[in-house]
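Before anything else, here's the structure in question.
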Amino acid sequence: VWDSVGFQERVARAVAESEVLGRPARTLDPGHYRVYLAPAALSEVIGLLCWGGFGITAQKTRRTPLLQMINGSATLDSSVNILEDTGANLTANFDDAGFIKPGRITLMEQGRLSEPLVSARAAKEFGVPSNGAGPRESPDSLAMAGGVIPRQDVLSILGTGIFINNLWYLNYSDRNAGRMTGMTRFATFWIENGEVQAPINAMRFDETPYQMLGERLGGLTQEVELLPDSNTYGCRSTRSQRLPGALVDEFALTL
């Protein structure tokens, strides 16, 4: 359903941010900062977790980046709820081999792993029912529930810190610990007293989901954004994510 008001709000935000990008950029010292991860930035974090995080094969063979959650030694914040929401998103309700997917699979509930994605092959191997996952056992229509922070209040609640619109070049620095590294991208801003001050030069981060979405999570936005996958290698992707923004009380920038 086309949302003209939402579209105009996005255009207005982009215009305002483009004006800030014309200011001299600021370089920050390495350290821990209070940050806001916009939905597109959070998408990169969640997308990396999809590399083995939710599939039964990676979980059973202990090759999942969420190993600490499998072992019971870590959880995420209770506000973190993640679904494979085929019925509400853009992808078809069947996989490449024609197996039917249920409308909804609860991947994580109140910060704890719930149902894994199970391909037809893994179902035979581990003696459990398949739930229509493809061979990668990765979500195609991931949806994360929103929280309690109104989007219009993000800057005032952030106070002084960093507004991160995009992350890129993510990879694992310690896969078993879920530790990931990557770079901030364009439209990352320094905020003081709830006001945008200047763009920030690219910085490297090194963090884990247990910190970003666990003990250091300050809250999620009420609003969620639909983020279609723009991949066109071989065909037009129908994968997508629906994500809120995330306020993180401490976020490690390493260089």
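The values are calculated or read from the model by the stated rules, or taken from the named source; none is laboratory data. Quick caveat, the model's predicted, so the values are computed rather than measured. FYI the Cβ positions are ideal-geometry reconstructions off the backbone, even for glycines, and counts take in every protein chain you see. Quick note on the areas: whole protein, heavy atoms, side chains included, nothing else; ligands and nucleic acids left out. Shrake-Rupley method; radii C 1.70, N 1.55, O 1.52, S 1.80 Å.
Only residues that are touching a Gly at 6+ places or on another chain (Cβ under 7 Å) and not in a loop (DSSP other than H, G, I, E, B): list them for segment 46-66, please.
58
Of the numbered conditions (1) under 27 Å from residue 69 (Cα atoms); (2) at pLDDT below 95, residue 214 fails exactly one; give the number of that condition.
Condition (2) is where residue 214 drops out.
Could you grab the pairs with beta carbons closer than 6 Å, sequence gap of 6+ or different chains, first residue in segment 187-210 and in contact (Cβ under 8 Å) with a residue 60 or more places away in the chain, second one among the basic types (Lys, Arg)?
If the second residue must be among the basic types (Lys, Arg), the pairs left are 190/26; 198/23; 198/26; 200/26.
Among the residues of segment 44-51, is any open to solvent by 10 Å² or more (accessible area, probe 1.4 Å), closer than 16 Å to residue 207 by Cα and among the acidic types (Asp, Glu)?
Yes, because at least one residue in segment 44-51 is open to solvent by 10 Å² or more (accessible area, probe 1.4 Å), closer than 16 Å to residue 207 by Cα and among the acidic types (Asp, Glu).
Can I ask one more? From the list 153, 95, which residue is within 28 Å of residue 67 (Cα to Cα) and more than 20 Å from the chain's Cα centre (by Cα)? Talk me through it step by step, then tell me what you get.
Values: 153 fails: within 28 Å of residue 67 (Cα to Cα).
Sole residue among the options that is within 28 Å of residue 67 (Cα to Cα) and more than 20 Å from the chain's Cα centre (by Cα): 95.
So, residue 166, is that one over 16 Å from residue 32 (Cβ atoms) and surrounded by fewer than 16 Cβ atoms within 10 Å (Cβ to Cβ) or not? Talk me through it step by step, then tell me what you get.
Details: over 16 Å from residue 32 (Cβ atoms): yes; surrounded by fewer than 16 Cβ atoms within 10 Å (Cβ to Cβ): no.
No.
Scanning segment 211-255 for residues that are without any contact (Cβ under 8 Å) to a residue 60 or more places away in the chain and of a type in the set (Ser, Thr, Tyr), which turns out surrounded by the fewest Cβ atoms within 10 Å (Cβ to Cβ)?
So the residue we want is 233.
To continue, here is another question. Mind checking which residues of segment 140-155 are out of contact with any Gly (no Cβ under 6 Å at 6 or more places or on another chain), assigned to a helix (DSSP H, G or I) and open to solvent by 30 Å² or more (accessible area, probe 1.4 Å)?
If the condition is that a residue be out of contact with any Gly (no Cβ under 6 Å at 6 or more places or on another chain), assigned to a helix (DSSP H, G or I) and open to solvent by 30 Å² or more (accessible area, probe 1.4 Å), then 151, 152, 153 are the ones that fit.
What residue, among those in segment 193-207 that are open to solvent by 10 Å² or more (accessible area, probe 1.4 Å) and out of contact with any Ser or Thr (no Cβ under 8 Å at 6 or more places or on another chain), is nearest to residue 50 (Cα to Cα)?
196
Name the residue that is most open to solvent (accessible area, probe 1.4 Å), counting only residues in segment 7-43 that are part of a helix (DSSP H, G or I) and under 14 Å from residue 197 (Cβ atoms).
Looking at residues that are part of a helix (DSSP H, G or I) and under 14 Å from residue 197 (Cβ atoms), I get 19.
Another one. Take residues that are under 18 Å from residue 46 (Cα atoms) and within 14 Å of the chain's Cα centre (by Cα) and tell me which of the strands (runs of 3 or more DSSP E) falling wholly in segment 156-245 contain 2 or more.
Hits in segment 156-245: 167-174, 179-184, 217-220, 225-228, 240-243.
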